[in-house]
Amino acid sequence: MLAVAVLAAGKGTRMKSALPKVLQPLAGATLVERVLASARNLSPDRKLLIVGHQAERVEEQLSQLDGLEFVLQQPQNGTGHAVQQLLPALKDFNGELLVLNGDVPLLRAETIDQLVNTHRSSGADVTLLTARLDDPTGYGRVFADASGRVSGIIEHRDCSTEQQANNLTNAGIYCFNWTTLAAMLPKLSTDNDQGELYLTDTVAMLDTAMHVEVADPDEVNGINNRKQLAQCEAVLQERLREYWMNEGVTFTDPSSCTLSEHCSFGTDVVIEPQTHLRGRCTIGAGCRIGPGSLLENTTLGNQVSVLMSVVRDTQVGDDVAVGPYSHLRPGSDIGDNCRIGNFVEVKKSRLNSGSKVNHLSYIGDAQLGSGVNVGAGTITANYDGVNKHQTILGDGSKTGANSVLVAPVTIGSNVTIGAGSTITKNVPDNSLALGRAKQLIKENWS
Ligand code: UD1
Ligand code: CA
């Protein structure tokens, strides 16, 4: 039997944030979701999350996660106090308890597997993960012999200068035998610089403690402040880009681009410099994105190009060209072979195949048929000051430059709207509509 407990009750004082530390986002997932994911291979029998600071907010955000039990720690009196809160919940539990600090988001699932396997084969009371760090400042120091036996952990602030020179650090990841740990937990004391109950003190109290040193010290980066948050983001971005390059995506300037965890790409996608994909993005084969583009929660079909543009919560079909300087806002649905050009904003609108909005337009709350040609500067006036209204443009219609379509309005198929028209009434199929002042000429007037 295996239980996993994640320590997520702390405030994260050093972050200086209104957001609880464990909810800070990193490459599209929160810190705590990443920590939970690192134990995914083990299929634990119990999953417990210790919450405290802004507990409701943390619970609410994670309520969709399957089989997660929330355990309240109130007040937050240290990591040992946090684990003490598990005593009632795990009263009849017999097995291993894997404890994960909620602020260590870069752990690989394989590393956690290795820790648990080592623990099982050595028969120790606890096995913990360690790393040799070039700069161990702030981390607890682990005192161990050459055979891997640990005698104790001393927090950075409680170390003598001599002890601080030891760079073997505690990652905050432990596999305990639950029953032996449970017997020790009530004996913890607050005899330390912070006056808290430290989980790390149990290590010296247990008979046998072992450690496993990670090969890649980046994995155990803990996040206490914004600088460490940025460092972890950089490591995750590097991992994501490397993964997708191995899957056949080209980055012309990788380090200038960022991705989220929930992006996927077809083959032969090219990502040009200064391009960012956030949220859930699905990108088809042969797309070219950037330079200078931002996509969020967006699906692109195959062979789409997006140049210097912002695209959010939008669906795009195949063989579409977007940009330069287009803004596709939430709820847009762009059919195959469409063209969205320079300085065009589209919001909550459907464009059927082959329609073009090439220059300087606003298309909001509109339905365009196929093969529609929207002339330069056409505006759908969708808002009457209180409500939003729809504009419908039938197949094959064209609007002249600088037309205003005052919604609600329905324009039939194969209609031509004269340049400079303000259209306030419905227009039947196959007609020409003009709505502008007649040109007046006064000869020899000057
Ligand atoms: C802890 C370890 C340190 C280790 C480091 C690794 C202790 C005493 N020290 O230090 O040896 O090198 O992690 O990153 O354990 N938390 C609670 N309740 C509390 C206090 C903290 O749930 O009362 C949670 C926090 O939300 C956080 C985790 O425990 O996710 C670690 O707490 P933090 O205060 O960051 O510990 P460190 O000082 O980093
Ligand atoms: Ca920490």
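Restricted to the range 18-39, and to residues that are within 13 Å of ligand 1 (Cβ to nearest atom) and in a loop (DSSP other than H, G, I, E, B), which residue is farthest from residue 105 (Cα to Cα)?
Here the residue is 19.
Within the group 372, 386, which residue is assigned by TED's automatic domain parsing to the domain that holds residue 344 and over 20 Å from residue 326 (Cβ atoms)? Break it down stepwise before answering.
On the way: 372 fails: over 20 Å from residue 326 (Cβ atoms).
Answer to the check: 386.
Got at least one residue in the range 50-58 being more than 12 Å from ligand 1 (Cβ to nearest atom) and surrounded by fewer than 21 Cβ atoms within 10 Å (Cβ to Cβ)?
Checking the range 50-58: at least one residue is more than 12 Å from ligand 1 (Cβ to nearest atom) and surrounded by fewer than 21 Cβ atoms within 10 Å (Cβ to Cβ).
Residues checked against (1) of a type in the set (A, V, I, L, M); (2) open to solvent by less than 40 Å² (accessible area, probe 1.4 Å); (3) more than 15 Å from residue 82 (Cβ to Cβ); (4) not assigned by TED's automatic domain parsing to the domain that holds residue 105:
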site: 139; (1), (2), (3), (4): no, yes, yes, no
site: 142; (1), (2), (3), (4): yes, yes, yes, no
site: 152; (1), (2), (3), (4): no, yes, yes, no
site: 162; (1), (2), (3), (4): no, no, yes, no
site: 175; (1), (2), (3), (4): no, yes, yes, no
site: 185; (1), (2), (3), (4): yes, yes, no, no
site: 194; (1), (2), (3), (4): no, no, no, no
site: 199; (1), (2), (3), (4): yes, yes, no, no
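Can you list the strands (runs of 3 or more DSSP E) lying wholly within the range 345-392 that have 1 or more residues being surrounded by fewer than 18 Cβ atoms within 10 Å (Cβ to Cβ)?
Per the criteria, 356-359, 366-368, 379-381.
Can you give me the number of residues within the range 201-214 that are open to solvent by less than 40 Å² (accessible area, probe 1.4 Å) and of a type in the set (A, V, I, L, M, F, W, C)?
5
Can you spot a residue in the range 66-79 that is in a helix (DSSP H, G or I) and either open to solvent by 10 Å² or more (accessible area, probe 1.4 Å) or near ligand 1 (Cβ under 10 Å from one of its atoms) (or both)?
For the range 66-79, residues in a helix (DSSP H, G or I) and either open to solvent by 10 Å² or more (accessible area, probe 1.4 Å) or near ligand 1 (Cβ under 10 Å from one of its atoms) (or both): present.
So which pairs qualify, if the first residue must be in the range 20-41 and without any contact (Cβ under 8 Å) to a residue 12 or more places away in the chain, the second must be in a helix (DSSP H, G or I) and open to solvent by less than 20 Å² (accessible area, probe 1.4 Å), the Cβ gap must be under 9 Å, and the two must be at least 6 apart or on different chains?
Going by the 9 Å Cβ cut-off, the qualifying pairs are 25/31.
Take the residues in the range 109-137 that are within 16 Å of ligand 1 (Cβ to nearest atom) and open to solvent by 50 Å² or more (accessible area, probe 1.4 Å); name whichever of them is nearest to residue 225 (Cα to Cα). Before the answer, list the steps.
The initial filter retains those residues of the range 109-137 that are within 16 Å of ligand 1 (Cβ to nearest atom), namely 111-112, 115, 126-137.
Still in the running and open to solvent by 50 Å² or more (accessible area, probe 1.4 Å): 132, 134-135, 137.
Values: 132: 20, 134: 18, 135: 15, 137: 13 Å.
Here the answer is 137.
Report yes if residue 279 is modelled with pLDDT of 95 or more, within 20 Å of residue 311 (Cβ to Cβ) and surrounded by 16 or more Cβ atoms within 10 Å (Cβ to Cβ), otherwise no.
no
Can you give me the number of residues within the range 418-435 that are among the hydrophobic types (A, V, I, L, M, F, W, C) and touching a residue at least 24 places away in the same chain (Cβ under 8 Å)?
Matching residues across the range 418-435 total 1.
Which of the residues spanning the range 215-241 are more than 16 Å from ligand 2 (Cβ to nearest atom), buried (at least 16 other Cβ atoms within 10 Å of the Cβ) and more than 19 Å from the chain's Cα centre (by Cα)?
none
The values are calculated or read from the model by the stated rules, or taken from the named source; none is laboratory data. The model shown is predicted, which means the values in this text are computed figures rather than measured ones. When we count neighbours, we look across all protein chains shown, and the Cβ atoms used for this are built from the backbone with ideal geometry, even at glycine. The area values use the complete protein model at the heavy-atom level, side chains included, leaving out ligands, DNA and RNA. Shrake-Rupley method; radii C 1.70, N 1.55, O 1.52, S 1.80 Å.
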